[in-house]
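Peer 1: Take this structure, written in structure tokens, and hold onto it; I'll ask about it next.
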Amino acid sequence: MTDTYVPPKVWTYDKESGGRFASINRPTAGAREDKALPVGSNPLQLYSLATPNGVKATIMLEELLELGHEGAEYDAWTINIGDGEQFTSGFVALNPNSKIPALEDRSGPTPFRVFESGAILVHLAEKFGAFLPADPAQRAEVLSWVFWQVGSGPFIGGGFGHFYAYAPEKWEYPINRYAMETKRIFDVADQRLAQSRFLAGDDYTIADIANFPWLAPFTTGQIYNDAQTFLSIDEYKHVGRWVKEIAARPAVRRGRIVNKVWGEDNTQLRERHSAKDFEGKEF
């Protein structure tokens with residue numbers, strides 16, 4: 001940094017902050033446009049985008065369907081956060097925090113909302129009795145790793161990802177600060193996965209579903225420009241082994257392309273309403 005910023009006594013929002021999402025970032029909540037959300041015929045309605053947090057939900061739903069849970073059939077509708085669609089009245093009614101993903105459970109007589117990715121994973125796991133053990137000790141271990149991810153994710157995305165890839169200028173201090181924290185997060189996962197096949201033990205659970213979408217893209221160079229090289233991600237051999245195993249699961253392969261709106265056309269699935277929608281897609 002060449003200039004030192006001197007904060008005013010009272011902060012005011014007087015200009016765009018710069019960076020990739022500057023045109024939609026504001027210090028206020030609530031709807032900016034009166035627009036209802038579409039509703040399909042399936043019991044679960046998902047409004048999302050194939051970001052790491054969005055992919056958590058679609059992987060979970062596809063895993064449940066893979067197990068034969070017909071009640072997990074879902075309609076997935078794309079919410080393009082770059083266009084500000086998370087600020088429509090319909091979406092804000094589901095998630096007052098205007099973040100994807102958001103779920104509406106319409107399986108019973110009274111529809112209800114579930115917002116924030118970690119809450120969606122826990123809700124679906126409890127609803128279908130899958131990927132979350134009943135044993136108290138095992139359950140606590142799984143939930144600890146789920147909420148470790150919920151707490152650490154903003155350091156990776158809002159911290160490292162923003163300053164390394166999206167900020168209007170490259171500043172040494174925040175990049176170094178969040179690079180250090182991101183590498184520490186990878187080291188936590190790597191040391192744990194040196195001890196067990198999956199994060200919470202021998203079984204695949206929502207702990208893995210929560211963490212995989214954030215850690216996996218770094219191992220293949222698919223996130224934040226050249227972050228894989230910059231952070232020496234290849235050092236984390238146990239994370240790499242875990243990523244390869246999970247990435248090969250059929251449900252994970254399907255879930256990663258749902259609500260994806262970039263890349264080659266045959267790797268995108270803007271909406272998902274049934275298993276037939278995957279026909280002709282590469283995943």
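Peer 1: Scan the range 121-156 for residues that are surrounded by fewer than 20 Cβ atoms within 10 Å (Cβ to Cβ), hydrophobic (A, V, I, L, M, F, W, C), in contact (Cβ under 8 Å) with a residue 40 or more places away in the chain and more than 19 Å from Pro52 (Cα to Cα) and jot them down.
Peer 2: If the condition is that a residue be surrounded by fewer than 20 Cβ atoms within 10 Å (Cβ to Cβ), hydrophobic (A, V, I, L, M, F, W, C), in contact (Cβ under 8 Å) with a residue 40 or more places away in the chain and more than 19 Å from Pro52 (Cα to Cα), then Phe128, Ala130 are the ones that fit.
Peer 1: Continuing with this model, one more query. Out of curiosity, is Gly84 without any contact (Cβ under 8 Å) to a residue 60 or more places away in the chain and surrounded by fewer than 19 Cβ atoms within 10 Å (Cβ to Cβ)? Steps first, answer last, please.
Peer 2: Values: without any contact (Cβ under 8 Å) to a residue 60 or more places away in the chain: no; surrounded by fewer than 19 Cβ atoms within 10 Å (Cβ to Cβ): yes.
So Gly84 fails the test.
Peer 1: Separate question: Take the range 6-24 and flag every residue that is loosely packed, with under 10 Cβ neighbours inside 10 Å and either small (Gly, Ala, Ser) or modelled with pLDDT under 85 (or both). Write out each step before concluding.
Peer 2: Start the filter on the range 6-24 by keeping residues that are loosely packed, with under 10 Cβ neighbours inside 10 Å, which leaves 6-12, 14-15.
Selection gives Asp14, Lys15.
Residue-by-condition table, conditions (1) in the same structural domain as Ala189 (by TED's automatic domain parsing); (2) at pLDDT 95 or above; (3) more than 20 Å from Ile206 (Cα to Cα); (4) out of contact with any strand residue (DSSP E or B) (no Cβ under 6 Å at 6 or more places or on another chain):
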{"residue": "Ala227", "(1), (2), (3), (4)": "yes, yes, yes, yes"}
{"residue": "Phe230", "(1), (2), (3), (4)": "yes, yes, yes, yes"}
{"residue": "Asp234", "(1), (2), (3), (4)": "yes, yes, yes, yes"}
{"residue": "His238", "(1), (2), (3), (4)": "yes, yes, no, yes"}
{"residue": "Arg253", "(1), (2), (3), (4)": "no, yes, no, yes"}
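Peer 1: Next up: Before we move on, is Gly201 out of contact with any Lys or Arg (no Cβ under 8 Å at 6 or more places or on another chain), surrounded by fewer than 19 Cβ atoms within 10 Å (Cβ to Cβ) and not assigned by TED's automatic domain parsing to the domain that holds Glu63? Break it down into steps so the answer makes sense when it comes.
Peer 2: Numbers: out of contact with any Lys or Arg (no Cβ under 8 Å at 6 or more places or on another chain): yes; surrounded by fewer than 19 Cβ atoms within 10 Å (Cβ to Cβ): yes; not assigned by TED's automatic domain parsing to the domain that holds Glu63: yes.
Judged against the criteria, Gly201 is a match.
Peer 1: Give, as residue ranges, the helices (runs of 4 or more DSSP H) completely inside the range 38-129 that count at least 1 residues that are assigned by TED's automatic domain parsing to the domain that holds Gly263 and within 14 Å of the chain's Cα centre (by Cα).
Peer 2: Details: elements: 52-66, 89-94, 117-128.
Filter on the range 38-129 gives 52-66, 117-128.
Peer 1: Still on this model: Tell me the residue from Gly240, Gly263, Gly221, Gly280 that is assigned to a loop (DSSP other than H, G, I, E, B) and more than 26 Å from Leu46 (Cβ to Cβ), please.
Peer 2: Values: Gly240 fails: assigned to a loop (DSSP other than H, G, I, E, B); Gly263 fails: more than 26 Å from Leu46 (Cβ to Cβ); Gly280 fails: more than 26 Å from Leu46 (Cβ to Cβ).
Just a single option satisfies the conditions, and that option is Gly221.
Peer 1: Among the residues of the range 167-218, count how many are part of a loop (DSSP other than H, G, I, E, B), modelled with pLDDT of 95 or more and among the aliphatic types (A, V, I, L, M). So that I can check it myself, show each step before the final result.
Peer 2: We begin by selecting, within the range 167-218, every residue part of a loop (DSSP other than H, G, I, E, B); these are 167-171, 194-197, 199-200, 202-205.
Imposing the further condition that a residue be modelled with pLDDT of 95 or more reduces the set to 194-197, 199-200, 202-205.
Add one more test, that the residue is among the aliphatic types (A, V, I, L, M), and what stays is 194, 199-200.
Summing the residues that are part of a loop (DSSP other than H, G, I, E, B), modelled with pLDDT of 95 or more and among the aliphatic types (A, V, I, L, M) in the range 167-218 gives 3.
Peer 1: Can you tell me which residue in the range 204-231 is farthest from the chain's Cα centre (by Cα), limited to those that are free of Cβ contacts under 8 Å to residues at least 40 places away in the same chain and surrounded by fewer than 19 Cβ atoms within 10 Å (Cβ to Cβ)?
Peer 2: So, considering only residues that are free of Cβ contacts under 8 Å to residues at least 40 places away in the same chain and surrounded by fewer than 19 Cβ atoms within 10 Å (Cβ to Cβ), the one farthest from the chain's Cα centre (by Cα) is Thr229.
Peer 1: Now a separate question. Counting only residues that are over 15 Å from Asp190 (Cα atoms) and outside any helix (DSSP H, G or I), how many does the range 224-237 have?
Peer 2: Within the range 224-237, residues that are over 15 Å from Asp190 (Cα atoms) and outside any helix (DSSP H, G or I) number 3.
The values are calculated or read from the model by the stated rules, or taken from the named source; none is laboratory data. The model shown is predicted, which means the values in this text are computed figures rather than measured ones. Note that each Cβ is placed from the backbone with ideal geometry, even for glycine, and that neighbours are counted across all protein chains shown.
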